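The values are calculated or read from the model by the stated rules, or taken from the named source; none is laboratory data. The shown structure was predicted, so the numbers you read here are calculated from the model rather than taken from an experiment. Methodologically, a virtual Cβ is constructed for each residue, glycine included, from the backbone with ideal geometry; neighbour enumeration extends over all protein chains shown.
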Amino acid sequence: MSNRTALSERLITITRRTARLVRAVVRRALGLSGGSGPSILFQARNDHLRVCAASDDVVAEYRCAGDFDDEQVWVPYECLVACEARNDDPVQFDVRSGHLTVQWRDSSGPQMVQHEVTENGEREPLRETPHELQRNPPALRQALHHAVMTTTSNCGARPGKSLRLTADSS
């Protein structure tokens, strides 16, 4: 990977079908409705593309094999809504001079959407999914059950979602 400046180009190309698939997975996994959602990380490595989106409760990740240059681009969810289709025509995500340009062709000709990339747009990538998972110790389930039973109503328990345990402030 070469050294790059803030003005240099970063380019990732996917298909319109992949954009449609990723948008559908993110929409379902994060429980989105309508045309807005979180920015999505497209992280290309030499032999695969990793696509991630996250909410407070869920991380959705999609991977596909391919031949890619090492690049990382954050793409607004709305861009996928605009460029998705059921064909394999290319979609390019190009970051240059502080702007993300999304380009594709449809039946009416070339299309382009441009978004400004903010200074903090270069967020830390979402952590990689472990290649191997470990089994939790048998006592963990019982310990979590006891922790839930001892929480108060204002501790951050959200039924069916997650539990945030906090120290007693008294």
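Of the numbered conditions (1) within 10 Å of the chain's Cα centre (by Cα); (2) farther than 24 Å from ASP88 by Cβ, VAL58 fails exactly one; give the number of that condition.
Unmet condition: (1).
For region 98-126, which positions are part of a loop (DSSP other than H, G, I, E, B), at pLDDT 65 or above and surrounded by 10 or more Cβ atoms within 10 Å (Cβ to Cβ)? Walk me through it before giving the result.
Taking region 98-126 as the starting set, the residues that turn out to be part of a loop (DSSP other than H, G, I, E, B) are 98, 107-108, 117-118, 122-126.
Next, only the ones that are at pLDDT 65 or above stay: 98, 107-108, 117.
GLY98, VAL117, listed by residue number.
Based on this model, can you work out whether ALA82 counts as of a type in the set (Gly, Ala, Ser) and out of contact with any strand residue (DSSP E or B) (no Cβ under 7 Å at 6 or more places or on another chain)? Show your work before the answer.
Numbers: of a type in the set (Gly, Ala, Ser): yes; out of contact with any strand residue (DSSP E or B) (no Cβ under 7 Å at 6 or more places or on another chain): no.
Here the answer is no, as ALA82 does not meet what is asked.
What pairs come up if the first residue lies in region 71-82 and is touching a residue at least 24 places away in the same chain (Cβ under 8 Å) and at negative phi, the second is in a loop (DSSP other than H, G, I, E, B) and charged (D, E, K, R), and their beta carbons are under 7 Å apart, counting only those six or more places apart or on different chains?
Sorted first by the residue in region 71-82, then by its partner, the pairs are TRP74/ARG123.
Check region 78-92 and report whether any residue there is more than 29 Å from SER108 (Cα to Cα) and outside any helix (DSSP H, G or I). Working first, answer last.
Here is the first cut: in region 78-92, the ones more than 29 Å from SER108 (Cα to Cα) are none.
Looking through region 78-92, none of the residues is more than 29 Å from SER108 (Cα to Cα) and outside any helix (DSSP H, G or I).
Can you say whether ASP69 is in contact with a strand residue (DSSP E or B) (Cβ under 9 Å, 6 or more places away or on another chain), under 27 Å from PRO110 (Cβ atoms) and of a type outside the set (Gly, Ala, Ser), as far as the supplied structure shows?
Working: in contact with a strand residue (DSSP E or B) (Cβ under 9 Å, 6 or more places away or on another chain): yes; under 27 Å from PRO110 (Cβ atoms): yes; of a type outside the set (Gly, Ala, Ser): yes.
Spelling it out, ASP69 is indeed in contact with a strand residue (DSSP E or B) (Cβ under 9 Å, 6 or more places away or on another chain), under 27 Å from PRO110 (Cβ atoms) and of a type outside the set (Gly, Ala, Ser).
Select, from ALA44, ALA19, ALA54, the only residue that is aliphatic (A, V, I, L, M), in contact (Cβ under 8 Å) with a residue 40 or more places away in the chain, buried (at least 17 other Cβ atoms within 10 Å of the Cβ) and in contact with an Asp or Glu (Cβ under 6 Å, 6 or more places away or on another chain). Let's see the steps before the verdict.
Details: ALA44 fails: in contact (Cβ under 8 Å) with a residue 40 or more places away in the chain; ALA54 fails: in contact with an Asp or Glu (Cβ under 6 Å, 6 or more places away or on another chain).
Residue meeting the stated conditions: ALA19.
Can you pull out every residue in region 60-76 that is acidic (Asp, Glu) and surrounded by 14 or more Cβ atoms within 10 Å (Cβ to Cβ)? If you could, list the steps in order and put the result at the bottom.
The first filter runs over region 60-76 and keeps only residues acidic (Asp, Glu), leaving 61, 67, 69-71.
Once the filter is applied, which keeps residues that are acidic (Asp, Glu) and surrounded by 14 or more Cβ atoms within 10 Å (Cβ to Cβ), region 60-76 yields GLU61, GLU71.
Output the residues belonging to region 77-90 that are buried (at least 19 other Cβ atoms within 10 Å of the Cβ) and of a type outside the set (Phe, Trp, Tyr). Steps first, answer last, please.
The first filter runs over region 77-90 and keeps only residues buried (at least 19 other Cβ atoms within 10 Å of the Cβ), leaving 77, 79-80, 83-84.
Passing the criteria: CYS79, LEU80, CYS83, GLU84.
Kindly provide the set of residues from region 35-73 that are among the aliphatic types (A, V, I, L, M) and over 21 Å from VAL117 (Cβ atoms), ordered by number. Walk me through how you get there before you give the answer.
As a first pass, look at region 35-73 and keep what is among the aliphatic types (A, V, I, L, M): 40-41, 44, 49, 51, 53-54, 58-60, 65, 73.
Correct list: VAL58, VAL59, ALA60, ALA65.
Report, by residue number, each residue of region 64-104 that is among the aromatic types (Phe, Trp, Tyr), over 24 Å from ASP47 (Cβ atoms) and under 17 Å from the mean Cα position of the chain (by Cα). Outline the logic, then answer.
Step one: filter region 64-104 for residues among the aromatic types (Phe, Trp, Tyr), giving 68, 74, 77, 93, 104.
In the following step, the residues that additionally are over 24 Å from ASP47 (Cβ atoms) were identified as 77, 104.
Once the filter is applied, which keeps residues that are among the aromatic types (Phe, Trp, Tyr), over 24 Å from ASP47 (Cβ atoms) and under 17 Å from the mean Cα position of the chain (by Cα), region 64-104 yields only TYR77.
Would you mind stating whether VAL95 is farther than 20 Å from VAL26 by Cα and surrounded by 16 or more Cβ atoms within 10 Å (Cβ to Cβ)?
yes
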